[in-house]
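Nothing in this text is a laboratory measurement; each read-out follows from the coordinates by a stated rule. Predicted model only: the values in this text are computed from it and were never measured. No Cβ is skipped: glycine too gets one built from the backbone with ideal geometry, and neighbour counts run over all protein chains shown.
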Amino acid sequence: MTTRGDQKAGLANATAAAPELEAAAISEAGGRLGEKLRTHYHASLPTWQFIVVYPALLGGVVVLIGGGGLGGLLGGASVGVPLAILGAALLAGSIIAMLVLPKRRTAMVIFENGFARALPGAVDVVPWTEVQDLYISITRTYIHTQNNWRIDHLYTVERAGRPDIVLLSGWTDTTELAEALETGVARAKLPAAQQALAAGGEVPFKDFTVRADGLIWSGTLTPWSQITGVERSYDDAKIQSGGRTLVGFSYGKLTNARLFLSLVQHLRG
């Protein structure tokens, strides 16, 4: 879950190690990625702490509400009160643990020609040209109990012969991060895509195929003269023909979606 407050809190949690991690990323990149544009930070509990703390948090809520109430009905205060106290202790303890336990900090420095991701003791340098596939999902869900919207981000960077990089919500300035990743990869892949189309070839995007004469999906070719644009709202996207929708799709499940949208907007009628 990401809100403006969460972003500020994440930045505050990452500040202690941020200068060292940013410097390590810049040093490892060694000028190979061009000019530095901006830095994003992330702070989260390590996996083993996450596994311990969150079940305790959930267990505290269950014992406090369910166990305390049911125990009070069946066994009276002698049962209900101790269960409620236990639940409150688990709940308070897990919340305190989340606040005071040391976080796993990460800094991502965005450059003109790629990015460098630095964790304590490890730096991963990724030129845009080495990104095979990029998936970015940004979903918006209304939470009735909180009377607010929750926005979840998921970034997956796939590289040939190297481990994928999966980035979850919690980064500072997530909108700018998504824009930087999408723009960098799309620009790096655009020349090859344009050359393929000019030579009479095609450019695949999972469920879609772009050709110079039209767009193919579900085995059907639709000429560009019938396509008037693309609409997108968070993870939902639609290809339009006049005032109607030709096809809707999940933006986050489409390979290199920004490059796809750029080609459609350029080739459409």
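For region 146-195, which positions are free of Cβ contacts under 8 Å to residues at least 12 places away in the same chain and under 15 Å from ASP235 (Cα atoms)? TRP149, THR175, GLU179, listed by residue number.
If the condition is being crowded, with 16+ Cβ neighbours inside 10 Å, within 22 Å of ALA193 (Cα to Cα) and either out of contact with any strand residue (DSSP E or B) (no Cβ under 7 Å at 6 or more places or on another chain) or among the small types (Gly, Ala, Ser) (or both), then region 241-266 contributes GLY252, ALA257, ARG258, LEU259, SER262.
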